[in-house]
Amino acid sequence: MIRLGLRLAVSGGREAVVRLVIVAIAVGIGVGLLLTAVSAANAVNTQNDRYAWLDTSASSPSQTGSGGASAPLRLLLTTDEFGGQTIYRADVAATGPDSPVPPGIPQDPGPGQYYISPALSALLRNAPADELADRYPGHQTGLIGQAGLPSPDSLVIVVGRSAAQMSHLPGATEVTSFNTTPPGSNGGVNRGDGLGAKGLDLVLSVVALALLLPVLIFIGTATRLSAARREQRFAAMRLVGATPRQISLIAAVESAVAAAAGVAIGFGLFFVLRVPLAAIPFTSQPFFPAELSLSLPDILAVAVGVPAAAAVVARLALRRVNISPLGVTRRVTPAPPRAWRVLPLLAGLADLGFFAVHGEPASNSGQVLAFTTGFALIMIGLVIAGPWLTMTGARVLARRASRASTLIAARRLADDPRAAFRAVSGLVLALFIFTVAAALIATQDTKKVTPVDGATAGNTLIDQFLTITDGGSATGSAPPPPATVLTRLRKIPGVQGVVEFQADPGLTITNPQLQIQGFPAAVVSCAQLAGVPGLGRCPAGAAAAKVPASLTDIGGGNLAEFTWPAADVPARRLDSLPLASLDVATNGSQPAIEQARTVLENAYPAGTGSPQTLGEDTAAANGADNAFQQLADVVILTSLAIAGCTLAVSVAGGLADRKRPFSLLRLTGARLGMLRRVIVLESAVPLLAVAAVAIGTGFAASAMYATMEMRLSLVSPGAAYYILTSAGIVLALVLILATFPMLRRITGPETARTE
Amino acid sequence: MSAIIEARGVVKSFGQTPALRGACIAVGPGEIVAVMGPSGSGKSTLLHCLSGILVPDQGEAWFAGQRLDTLTETQRSEVRRDKFGFVFQSGQLVPELTAEENVALPLLLGGARRAAALAEARAWLGRLGLDGLGRRRSGELSGGQAQRVALARGMVGGPQVLFADEPTGSLDSVSGEMVMSLMTRAAREQGSTVILVTHDARVAAYADREVIVRDGTVGSLTGAAPSAGTAQSSEAAR
């Protein structure tokens with residue numbers, strides 16, 4: 001029987017071979033997408049893990065673990081910026097031969113040496129030295145390998161120092177090993193790099209669901225191509241005595257052969273496209289191609305699972321034919337779907353609703369389980385409820401039908417709503433996913449940091465020494481800048497002024513417009529402030545003014561319009577106060593900003609962080625959200641593409657299965673236009689009926705998720721969502737229209753003669 | 001001589017629609033019986049119940065002293081494969097297989113070796129005047145040729161009973177007569193019983209006996225002398 005099944009699958013004439021090829025290609029595309037999704041999930045995790053060592057501190061969890069070196073490493077990790085990109089900098093000084101070595105380099109660099117990532121090395125070669133290279137003392141001794149880099153585009157440098165030099169760098173610590181806990185993990189140190197483990201687990205769970213279901217539907221649709229024809233064949237075989245078991249085996253072999261060929265194509269597609277795919281910044285950072293990898297269980301699950309699933313699907317699809325060898329001539333109308341089919345959908349909404357009302361589970365895994373269960377139930381529920389909704393819509397349509405095409409389409413839909421819904425199920429899921437993603441991203445955007453207004457303020461580079469603690473108090477300062485530093489800064493073309501914010505402990509400021517009350521204040525010389533009008537002005541006649549001690553921790557507003565309150569600080573005392581921040585107003589050009597940053601970094605090598613413009617600070621605060629949005633965009637586009645493929649394959653397959661009745665209708669005088677209307681109605685009714693439910697459900701699920709997880713009220717997505725949704729539905733209709741040439745060809749008179 | 005195949009008070013409905021209402025028929029070995037009747041009278045349903053394709057709602061179907069209607073689906077499939085042959089009006093050839101593979105199919109399903117099955121199939125194609133057409137697929141055959149391939153497939157296993165449901169329904173009169181002539185000749189050569197459903201008197205004329213099905217019951221129409229065994233109408237059946 002296996003041999004007969006193979007014979008039928010691979011050498012059953014041109015039609016059988018064409019069918020095999022189409023199914024294999026369709027399954028191949030599905031498998032390729034599945035492998036990409038799985039490998040991308042692995043790559044996102046690997047990328048996130050690579051940020052771990054950049055989060056090393058004296059209190060990192062793995063410090064106390066086994067394997068710690070006896071000679072500690074003196075370490076200072078800071079971030080730097082160039083052209084809006086973050087540079088991760090590690091200043092290190094080994095205290096012995098077995099001091100820990102950062103991943104990706106063979107040994108700790110000595111004083112005057114540095115290891116550098118390839119991307120930063122290229123940047124150093126191309127950028128003027130006074131904008132970047134002058135920040136790093138010494139010379140390059142080697143490149144940092146993949147193990148030390150989250151992404152091929154990562155800008156990382158490990159600078160070697162002497163122990164004496166390190167002792168002068170405030171913030172330097174001694175470590176005996178590097179952190180291996182990714183950012184955001186329980187107990188981990190999260191500086192905002194990477195995606196954060198909690199968010200990552202949740203997002204990847206939803207992403208896996210969002211991609212997996214459309215892919216599985218697509219594969220299922222592809223393997224059912226020409227199902228009616230196959231059922232005819234099997235019924236004929238049953239007639240001459242093939243047992244149900246023999247037919248099952250033949251069907252399983254046929255489907256498994258096509259699926260196995262598809263799996264091979266899918267793996268081929270994946271490996272061919274892996275390098276270009278890795279370059280796509282799924283998380284706003286590209287991957288190393290090797291990290292788009294598949295584990296052995298992944299490979300086995302797909303290589304064995306897809307053909308096995310195809311065989312099972314084939315077996316299930318043949319139940320009707322197995323009942324009787326007359327399955328062809330005496331086809332029993334399937335029982336209509338019942339109303340219970342909406343229960344899983346309602347259960348999913350109830351799950352999210354329960355947690356929205358009673359609060360989310362305390363544990364991370366509990367939250368993942370609660371949300372994943374809710375969203376999975378809703379997505380599966382949409383697929384289960386779809387046929388019932390289709391049938392309900394079709395019955396309404398049939399009662400009101402006045403044209404032959406409407407009546408035929410409605411009756412056919414009501415007769416077999418499962419088949420009709422199958423064609424649009426992928427698209428309906430894609431619309432649900434799109435709605436959820438768009439609504440949640442729009443909601444997330446509302447809590448983004450509001451940028452400080454005003455071009456001059458946005459282009460002002462701030463080297464901040466004073467930091468605001470969680471309790472709202474001020475800590476830290478720096479000595480006043482040497483005159484040479486101020487001179488060098490002012491000489492840079494594009495620098496418009498330099499202003500020193502002096503720390504004055506105990507001083508506070510309140511300003512409702514900037515959303516601050518009792519906020520730590522600094523004092524600024526009115527003479528200096530006059531040179532930087534973008535940061536506000538002094539009241540007339542004042543010598544010094546009171547300003548917020550940290551401009552990066554206040555709400556939005558156009559600083560240029562502010563008149564700060566006068567500060568009663570004598571000029572002599574002002575000079576003696578330590579520095580809260582040194583602010584350099586620029587014209588916004590990259591050379592001006594980067595040259596000023598280089599000067600500031602060399603003057604204050606161990607500030608609280610790299611000097612940043614207020615514009616860069618805002619962008620960094622919103623950076624993690626951008627990574628999520630990027631991932632959401634990828635999911636939306638991919639699921640829409642899969643759904644489009646499913647619809648096209650399904651409509652074309654449905655046409656091929658019905659070429660005889662359609663050709664007979666044409667022979668009896670039905671016009672092609674009437675058949676076209678039948679095709680459009682058969683797809684449009686379930687599409688529109690269930691799309692409305694999917695979109696409504698998407699908004700409802702998002703609202704509940706936003707309430708419990710984001711603690712925000714749902715915000716309506718922007719116009720882009722509505723335009724894209726409409727475009728998606730129109731595209732679906734266009735895909736249906738694209739089958740019209742096929743309809744004309746396969747319903748010609750010759751079909752009725754030869755079928 | 002006892003009947004080789006028999007229906008006893010068979011009742012069969014499709015939903016609310018009754019197709020057979022206590023049909024009885026007994027056919028002896030080697031007999032050729034034409035089952036006639038108007039459209040919708042239940043002729044085909046009777047044939048399907050006799051051949052084990054359908055299971056009666058009530059009543060019994062017997063073959064060679066064995067009750068068919070109590071067998072499992074798999075057992076009935078095996079009986080169809082090993083003991084019965086079928087020739088239907090259309091749609092019974094597997095389009096992906098060549099003519100000779102179609103003929104060999106029952107043998108292959110029964111576990112015969114491929115080479116032997118194909119050799120037997122070619123021999124049958126030759127007997128039915130289809131030499132040289134063995135490698136063609138059903139779409140490349142005329143209606144008469146396809147029907148002769150179906151006949152070859154029905155006969156290749158040496159069936160004890162050949163069921164033919166409107167075997168010439170889609171053929172012109174010349175092709176139809178050729179198919180009927182070949183069928184009856186082959187059946188008589190093999191000693192096979194033939195149950196032939198038709199509403200064409202010219203086709204029925206090839207039979208030894210004609211029965212008529214009307215409103216789901218079987219009645220006697222003519223009583224030509226059977227070539228072998230005993231022919232019984234529903235009245236004669238117990």
For A:R330, the lone unmet condition from (1) within 14 Å of another protein chain (Cβ to nearest Cβ); (2) modelled with pLDDT of 80 or more is (2)
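Answer yes or no: is there a residue in region A:112-127 that is part of a loop (DSSP other than H, G, I, E, B) and over 23 Å from A:A52 (Cα atoms). Outline the logic, then answer.
Residues of region A:112-127 that are part of a loop (DSSP other than H, G, I, E, B), as a first pass: A:112, A:117, A:127.
From what's left, over 23 Å from A:A52 (Cα atoms): A:112, A:127.
So far as region A:112-127 goes, yes, one or more of its residues are part of a loop (DSSP other than H, G, I, E, B) and over 23 Å from A:A52 (Cα atoms).
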inquiry  = Could you go through region A:708-731 and let me know if any residue there is of a type in the set (S, T, Y) and more than 24 Å from the chain's Cα centre (by Cα).
reply    = no
Scanning region A:239-271 for residues that are on the phi < 0 side of the Ramachandran plot and within 7 Å of chain B (Cβ to nearest Cβ), the one surrounded by the fewest Cβ atoms within 10 Å (Cβ to Cβ) turns out to be A:R245
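Does B:F63 count as within 20 Å of B:V194 (Cβ to Cβ) and either small (G, A, S) or at pLDDT 90 or above (or both)?
On the way: within 20 Å of B:V194 (Cβ to Cβ): yes; either small (G, A, S) or at pLDDT 90 or above (or both): yes.
Yes: the conditions hold for B:F63.
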Among (1) surrounded by 14 or more Cβ atoms within 10 Å (Cβ to Cβ); (2) in contact with a strand residue (DSSP E or B) (Cβ under 8 Å, 6 or more places away or on another chain), A:T563 falls short only on (1)
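So which of A:T608, A:T613, A:T618, A:T586 ends up being buried (at least 17 other Cβ atoms within 10 Å of the Cβ), modelled with pLDDT under 85 and within 11 Å of A:L461 (Cα to Cα)?
Values: A:T608 fails: within 11 Å of A:L461 (Cα to Cα); A:T618 fails: within 11 Å of A:L461 (Cα to Cα); A:T586 fails: modelled with pLDDT under 85.
Matching residue, one of A:T608, A:T613, A:T618, A:T586: A:T613.
Count, please, the residues in region B:132-166 that happen to be of a type in the set (S, T, N, Q) and more than 25 Å from B:G37 (Cα to Cα).
Initially, region B:132-166 is screened for residues of a type in the set (S, T, N, Q), giving B:138, B:142, B:145, B:147, B:160.
This time we only want the ones that are more than 25 Å from B:G37 (Cα to Cα), so: B:138, B:142, B:145.
Final tally of qualifying residues: 3.
Touching a Ser or Thr at 6+ places or on another chain (Cβ under 9 Å) and in the same structural domain as A:I157 (by TED's automatic domain parsing), is that true of A:G110? First the steps, then the outcome.
Values: touching a Ser or Thr at 6+ places or on another chain (Cβ under 9 Å): yes; in the same structural domain as A:I157 (by TED's automatic domain parsing): yes.
Spelling it out, A:G110 is indeed touching a Ser or Thr at 6+ places or on another chain (Cβ under 9 Å) and in the same structural domain as A:I157 (by TED's automatic domain parsing).
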Is it the case that B:P56 is more than 10 Å from every other protein chain (Cβ to nearest Cβ), buried (at least 18 other Cβ atoms within 10 Å of the Cβ) and under 16 Å from B:V213 (Cβ atoms)? yes
_Whether any residue in region B:177-190 is under 22 Å from B:P95 (Cβ atoms), touching a residue at least 12 places away in the same chain (Cβ under 8 Å) and either more than 14 Å from chain A (Cβ to nearest Cβ) or surrounded by fewer than 24 Cβ atoms within 10 Å (Cβ to Cβ) (or both) is what I want to check._
yes
Q | Filter pass, A:A314 being among the small types (G, A, S) and either at pLDDT below 90 or touching a Phe, Trp or Tyr at 6+ places or on another chain (Cβ under 6 Å) (or both) | A | yes
Of (1) within 16 Å of B:V27 (Cα to Cα); (2) in a helix (DSSP H, G or I); (3) in contact with a helix residue (DSSP H, G or I) (Cβ under 8 Å, 6 or more places away or on another chain), B:R188 satisfies every one except (3)
Those residues of region A:155-171 which are more than 17 Å from A:S99 (Cβ to Cβ) and modelled with pLDDT under 90 amount to A:H168, A:P170, A:G171
Counting only residues in region A:527-553 that are surrounded by fewer than 21 Cβ atoms within 10 Å (Cβ to Cβ) and among the hydrophobic types (A, V, I, L, M, F, W, C), the one farthest from A:P611 (Cα to Cα) is identified as A:A540
Note: among A:R3, A:R19, just one is modelled with pLDDT under 80, over 36 Å from the mean Cα position of the chain (by Cα) and part of a helix (DSSP H, G or I), namely A:R3
*Would a scan of region B:9-23 turn up a residue that is outside any strand (DSSP E or B), among the charged types (D, E, K, R), away from chain A (no Cβ under 14 Å) and farther than 30 Å from B:D131 by Cβ?*
no
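Residues to consider are B:L46, B:L93; find the one that is of a type in the set (A, V, I, L, M, F, W, C), touching a Leu at 6+ places or on another chain (Cβ under 9 Å) and modelled with pLDDT under 90. Quick ask: steps written out before the conclusion?
Working: B:L46 fails: modelled with pLDDT under 90.
Of the residues listed, the single one that is of a type in the set (A, V, I, L, M, F, W, C), touching a Leu at 6+ places or on another chain (Cβ under 9 Å) and modelled with pLDDT under 90 is B:L93.
What helices (runs of 4 or more DSSP H) completely inside region B:62-171 contain at least 3 residues that are facing chain A (nearest Cβ under 10 Å), under 19 Å from the mean Cα position of the chain (by Cα) and more than 20 Å from A:Q232 (Cβ to Cβ)?
Working: elements: B:73-83, B:99-109, B:114-127, B:143-155.
Qualifying helices (runs of 4 or more DSSP H): B:73-83.
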Flagged pairs (Cβ under 8 angstrom, 6 or more apart or on separate chains; first in region A:588-600, within 22 Å of A:P479 (Cβ to Cβ); second of a type in the set (S, T, Y) and outside any loop (DSSP other than H, G, I, E, B)) are A:A596/A:T586
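The values are calculated or read from the model by the stated rules, or taken from the named source; none is laboratory data. Values in this document were obtained by computation on a predicted structure and should not be read as measured data. So basically every Cβ, Gly included, is an ideal-geometry build from the backbone, and we count neighbours across all protein chains shown.
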